[in-house]
Amino acid sequence: MPSSDTVRIAAVSDVHYAKTSQGTLQPLFNEITQRADVLVMPGDLTDYGLAEEARVLARDLTAAVKIPIVAVLGNHDYESDQQEEIAKILADAGVHLLDGDAVEVQGVGLAGVKGFAGGFGRGTLGPWGERAIKAFVQESVNEALKLESALARLKTTHRIAVLHYAPIPGTVEGEPVEIFPWLGSSRLEEPLTRFQVSAVVHGHAHKGSPVGQTTTGIPVYNVAIQVLRASYPDQPAFRIIEVPRDADATGTSEDRRSMGRRATDREPPASRVADAAAK
Ligand SMILES: [Fe+2]
Ligand SMILES: [Fe+2]
């Protein structure tokens, strides 16, 4: 059972639910409900971005998960141009679906954005030359700005960033180096440092590395279910991140499923300094 002095965040992404997936992750979702206070799902919730796939996932989540769920969409969820319907289906199932906004759950702030590609460090694509290149780069910049504005809304002591694309190269290592630029963007890293995020979760890089850190030492976790299965074959395929609970944050088992509110809805809690720890 979750302890009272920490908020346990279970994270798993890239579940790629298909029309035939009904029930496949129910055991995993059941275990998460027993072991965590909140479930975070950083994108690629569906396989082909079909509303029907989202309905299958929503049924499994509704049946098994009795704690708040926070998610962002991934690139696969956009494949069939049904992302708005997918978002509605998941929202109707009680999922806090974030796209440049934030939510507080039991005193912990979660800011979410899909992110975008573009490369890392010196290899980051710049807005130069053809119009198509500039548009591509602008999409990456826009996602970073959305992350920044989402984090700015949070007044909690601890903030968790939820992304689909990677903000650093460290957690995509293991993938072919030729595709690194399509797995994330360093433009997503700067807001993490500026707002002193406690931890970052992302997915998308199915063959990446499970743990990394930003240049300033913020822990970054690739929680793609494929990475977790490959890296920790003897453990259930989710990561638990423990965050110290703010002194004024409360939550009972009765209201655990529904708890969570938009970050703009409340005043800042009492400040307390501690570090997030991950398992
Ligand atoms: Fe994926
Ligand atoms: Fe993806």
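The values are calculated or read from the model by the stated rules, or taken from the named source; none is laboratory data. All figures in this text were calculated on a predicted structure; none of them were measured in a lab. Using ideal geometry, Cβ is built from the backbone for each residue, glycine included, and neighbour counts are taken over all protein chains shown. These accessible areas exclude ligands, DNA and RNA; they are computed on the full protein's heavy atoms, side chains included. Shrake-Rupley method; radii C 1.70, N 1.55, O 1.52, S 1.80 Å.
For segment 11-23, the set of residues classified as out of contact with any Asp or Glu (no Cβ under 8 Å at 6 or more places or on another chain) and closer than 24 Å to L163 by Cα consists of A11, V12, listed by residue number. Whether any residue in segment 166-178 is open to solvent by 20 Å² or more (accessible area, probe 1.4 Å) and among the hydroxyl-bearing types (S, T, Y) is what I want to check. Looking for residues that are open to solvent by 20 Å² or more (accessible area, probe 1.4 Å) and among the hydroxyl-bearing types (S, T, Y), one finds none in segment 166-178, hence no. Within segment 43-71, being open to solvent by 10 Å² or more (accessible area, probe 1.4 Å) and either within 21 Å of H202 (Cβ to Cβ) or within 14 Å of ligand 2 (Cβ to nearest atom) (or both) holds for D47, Y48.
Scanning segment 179-190 for residues that are away from ligand 2 (no atom under 16 Å from the Cβ), closer than 24 Å to H76 by Cβ and either open to solvent by 60 Å² or more (accessible area, probe 1.4 Å) or not acidic (D, E) (or both) gives S186, R187. In this structure, W128 qualifies as surrounded by fewer than 19 Cβ atoms within 10 Å (Cβ to Cβ) and free of Cβ contacts under 8 Å to residues at least 40 places away in the same chain.
Residues in segment 155-165 that are open to solvent by 10 Å² or more (accessible area, probe 1.4 Å) and assigned to a loop (DSSP other than H, G, I, E, B): 3 in all. With respect to the conditions (1) surrounded by fewer than 20 Cβ atoms within 10 Å (Cβ to Cβ); (2) within 16 Å of ligand 1 (Cβ to nearest atom); (3) in a loop (DSSP other than H, G, I, E, B), Q235 falls short on a single one, namely (2). Look at R229 and say whether it is farther than 20 Å from L125 by Cβ, open to solvent by 60 Å² or more (accessible area, probe 1.4 Å) and part of a helix (DSSP H, G or I). The answer is yes for R229.
Every test in (1) touching a Gly at 6+ places or on another chain (Cβ under 7 Å); (2) at pLDDT 95 or above; (3) among the acidic types (D, E) is passed by D246 save one, and that test is (2).
Determine, yes or no, whether L163 is within 16 Å of ligand 1 (Cβ to nearest atom), of a type in the set (A, V, I, L, M, F, W, C) and within 23 Å of L97 (Cα to Cα). Yes. Please verify whether A135 is under 20 Å from M41 (Cβ atoms) and open to solvent by 40 Å² or more (accessible area, probe 1.4 Å), treating the condition exactly as stated. So A135 fails the test. Within 16 Å of ligand 2 (Cβ to nearest atom), part of a helix (DSSP H, G or I) and either aliphatic (A, V, I, L, M) or within 16 Å of L110 (Cα to Cα) (or both): does that describe L151? So L151 does not fit the description; no. Taken together, the residues in segment 90-106 that are farther than 20 Å from H202 by Cβ and either in a loop (DSSP other than H, G, I, E, B) or modelled with pLDDT under 95 (or both) amount to 3.
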